[in-house]
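Have a look at the structure below before the remarks.
The values are calculated or read from the model by the stated rules, or taken from the named source; none is laboratory data. Values in this document were obtained by computation on a predicted structure and should not be read as measured data. As a convention, Cβ positions derive from the backbone with ideal geometry for all residues, glycine included, and neighbour counts pool all protein chains shown. Remember, those area values only see protein heavy atoms, side chains included, never the ligands or the DNA or RNA. Shrake-Rupley method; radii C 1.70, N 1.55, O 1.52, S 1.80 Å.
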Amino acid sequence: MIVILEPNIDKNGSAYRTLLDHLSALPNIQIRVHEEIGTQQTLTELYLVGDTLAIATDDIASFPGVERVVRVSREYRVIGRHKDDTRSTHFEYNGVTFSQDHFHVFAGLCAVDTPEHVERMMKALRENGQVCTRMGAYKPRTSPYAFQGHGKNCLPYVFELAGKYGIKVIAMEITHESHLSEIHEALEKTGRPTGVMVQIGTRNTQNFELLKIVGRQQTYPILLKRGFGITLEESLNAAEYLASEGNRKIVFCLRGMKTNLGDPHRNFVDFAHVPVVKRLTRLPVCVDPSHSVGTREVGPDGILELAHAAAQGVVAGANMVLVDFHPAPAKALVDGAQALRLDELPRFLDDMHQVRDFYLKRVKDYSD
Ligand code: PEP
Ligand code: MN
């Protein structure tokens with residue numbers, strides 16, 4: 001059961017204390033306080049766990065300071081959709097809004113290699129009206145001998161160049177809590193020219209200690225990849241870990257699943273789950289066609305298999321596309337085989353927006 005309190009409720013005031021005293025006296029009930037600190041207001045919610053069936057919602061709703069009481073009908077208490085649940089379903093970060101109704105493409109480098117490539121990428125994005133990108137500084141690699149990313153050394157020039165080209169949000173994977181502080185420090189030192197959406201990769205979807213640390217901060221939104229070898233439910237519970245620690249600015253990313261032979265694509269595309277995630281949770285859903293498909297193969301119809309997969313995600317209602325581009329894929333230090341070239345960016349964006357428009361038309365047609 002979720003008790004949603006009036007915005008900016010005074011935690012030392014009598015309404016809050018009377019309510020807490022009452023709830024604390026209920027048998028077999030634990031209370032977890034969840035606070036969401038926004039720019040305009042602080043929202044406080046009380047999560048009641050345990051024998052909640054015995055509690056009458058009307059009783060609790062009649063207490064001063066209570067705005068609404070929601071009975072949680074399924075799992076995913078914080079990120080889930082519940083009956084009569086009117087909690088906000090969008091978030092804004094650095095001027096960009098994310099929700100199940102918005103759409104953004106995050107095209108960029110899988111791994112940062114040189115300042116020149118970063119600049120060419122950012123310039124192409126600006127020329128194509130983009131304000132979001134992906135830039136990998138910390139790369140989790142299968143082989144310990146493979147390039148591990150430039151780490152904190154590349155952050156200053158990545159952030160400065162992002163500022164120079166009007167990029168507002170960079171999706172950037174972290175694999176350790178120290179990376180969060182390194183990003184924070186580099187942003188501070190460079191005068192916050194851009195914003196970062198912290199990415200948790202598929203190899204860390206169930207790194208619960210990392211999830212708790214990233215979930216405890218509310219400065220940066222989070223892009224959580226589904227685990228490539230676990231169930232969707234387990235992956236959504238990972239998102240719930242983030243949210244239950246306080247950060248609800250989460251985008252959930254589908255990126256394909258491991259199959260026994262990994263053929264013919266790097267991963268088995270799971271974008272049919274876009275509407276499922278949107279039904280089960282309130283999270284915006286991203287698709288990553290690059291790490292799913294993993295090749296630049298072109299079908300006999302002349303369309304890149306990667307673009308086919310991306311379109312499947314978008315026509316299913318995806319809110320974000322995370323996609324690898326590189327100014328010189330042959331020189332990329334990570335995942336060059338799946339990177340699209342900069343001259344392919346205008347067509348890719350146009351393709352995705354056409355498919356998005358078609359999705360919106362379908363939504364309208366089905367509602368008529
Ligand atoms: C990535 O996006 O660069 C990445 C490594 O993705 P994943 O965690 O999905 O493999
Ligand atoms: Mn990659």
Failed condition for ILE167, given (1) more than 16 Å from ligand 2 (Cβ to nearest atom); (2) crowded, with 21+ Cβ neighbours inside 10 Å; (3) part of a helix (DSSP H, G or I): (3)
Pairs with Cβ under 7 Å, 6+ apart, first in the range 326-350 and in contact (Cβ under 8 Å) with a residue 12 or more places away in the chain, second open to solvent by 20 Å² or more (accessible area, probe 1.4 Å) and part of a helix (DSSP H, G or I): PRO327/ARG120; PRO327/LEU342; ALA339/PRO329; ARG341/PRO329; LEU342/ARG120
Number of the condition not met by ARG282 [criteria: (1) in contact (Cβ under 8 Å) with a residue 60 or more places away in the chain; (2) within 23 Å of TYR359 (Cα to Cα); (3) within 16 Å of ligand 1 (Cβ to nearest atom)]: (3)
Flag if LEU345 is within 14 Å of ALA124 (Cα to Cα), assigned to a helix (DSSP H, G or I) and in contact with a helix residue (DSSP H, G or I) (Cβ under 6 Å, 6 or more places away or on another chain): yes
Qualifying residues in the range 285-301 (those that are more than 18 Å from the chain's Cα centre (by Cα) and open to solvent by less than 60 Å² (accessible area, probe 1.4 Å)) - the one nearest to ligand 1 (Cβ to nearest atom): GLY294
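Return the residues of the range 334-344 that are within 12 Å of ligand 1 (Cβ to nearest atom) and open to solvent by 90 Å² or more (accessible area, probe 1.4 Å); say none if nothing qualifies.
Scanning the range 334-344 gives no hits.
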Positions within the range 2-45 being under 16 Å from ASN247 (Cα atoms) and buried (at least 18 other Cβ atoms within 10 Å of the Cβ), in sequence order: HIS34, GLU36, LEU43, THR44, GLU45
Residue selected from the range 201-226 under the condition within 16 Å of ligand 1 (Cβ to nearest atom) and either in a helix (DSSP H, G or I) or outside the structural domain of GLY246 (by TED's automatic domain parsing) (or both), by the criterion nearest to ILE170 (Cα to Cα): VAL214
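A quick yes/no check of all residues on (1) at pLDDT 85 or above; (2) polar (S, T, N, Q):
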| position | (1), (2) |
| --- | --- |
| PRO7 | yes, no |
| LYS11 | yes, no |
| THR18 | yes, yes |
| ILE37 | no, no |
| GLN40 | no, yes |
| LEU43 | yes, no |
| ALA56 | yes, no |
| GLU67 | yes, no |
| HIS104 | yes, no |
